[in-house]
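Nothing in this text is a laboratory measurement; each read-out follows from the coordinates by a stated rule. In this text, all values refer to a predicted model and were calculated from it rather than measured experimentally. All Cβ positions, glycine included, derive from the backbone under ideal geometry; neighbour counts span all protein chains shown.
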Amino acid sequence: MTFTLVMLAVLGLLVGTLAYLSNRPQDSPGSVGAAAAAPGEETASPSPAPAELLVREDSRYLDDVEDAPVTVVEFLDFECEACRAQFPVMERIREDYDGRIDFVVRYFPLPGHTNSEPAAAAVEAAARQGALEEMYALMYETQAEWGESQEDRSEVFVGFAEELDLDIERFTADMGSQEVADRVRADFDDGVALGVQGTPTIFVNGYRTPSMPTYEMLASLIDAGTAE
């Protein structure tokens, strides 16, 4: 009888131990002290993007402030509707932070947009005559007129150059040149190296923002950068 009672006690203890171990929360590899992000939730990058890929010596500045504490970089496609929707936000940021931040645009013409590369070439050609900002704005303001067309609308961009009173012979030569094509491609390649997959993709001091950042989000990031 005594032996039977002892065996039953040992068996009960063993069953209880196994039940405890099976119900105890387990840490998965690499998850100690960290909660998993919800599906689809964007998380901040742990470190800034390489500076040499974000801004090149020949990158185009809409705003260039000496010793600016914050640099905003946008990879964009002038035929992209999302970029057009983001444009007023970026213009408001530029206005409110005028004289305090750098704002750099990088060409990222998406495959499948017939006129995204000609548009980028046109903006680059205009920039070579000191009309970067004017052509940049015209592209978005008129996107509905030429965007999503399956035909080359380069003549529309020549018309914009005429409106801006540019040297048309020089403009058309630049727009169609290999040098300008290579310049646009270099921006695109930097974007690919940075992991850019769509537009607009925006960086503030090297840190990528979530897609389509609001004015409030950008202002918060810029304010944090200027306070450092």
Practice prompt. Quote the charge dipole size of region 61-227 about the Cα centre in Debye, to the nearest 20; the model charges only the Cβ of Lys and Arg (+1) and of Asp and Glu (-1).
Written response: 600
Worksheet entry | Tyr207 paired with Ser177, simple spin-label distance in nm, labels 7 Å along Cα-to-beta-carbon | 4.0
Fill in: Sequence of Met90, Met139 once ranked by neighbouring C-beta atoms within 10 Å, starting from the fewest
Met90, Met139
Item to complete: Assuming R0 = 22 Å, can you tell me the calculated FRET efficiency for the pair Ala193 and Arg92, based on Cβ-Cβ distance, to the nearest 0.05?
Response: 0.15
Practice prompt. May I ask you to sort Ser59, Ser116, Ser149, Ser47 by Cβ crowding, counting other Cβ atoms within 10 Å and putting the fewest first?
Written response: Ser47, Ser149, Ser59, Ser116
Response to the item:
Whole-number value, in Å³ per residue, for the convex hull of the alpha carbons of region 44-147 is 126
Response to the item:
The alpha-carbon center of region 184-228 and that of region 99-116 are separated, in whole Å, by 11
Practice prompt. Return the FRET efficiency for the residue pair Asp64, Tyr215: r is the Cβ-Cβ distance, R0 is 25 Å, and the value is rounded to the nearest 0.05.
Written response: 0.70
Discussion item. Tell me the volume per residue, in Å³, of the convex hull enclosing the alpha carbons of region 61-227.
Written reply: 110
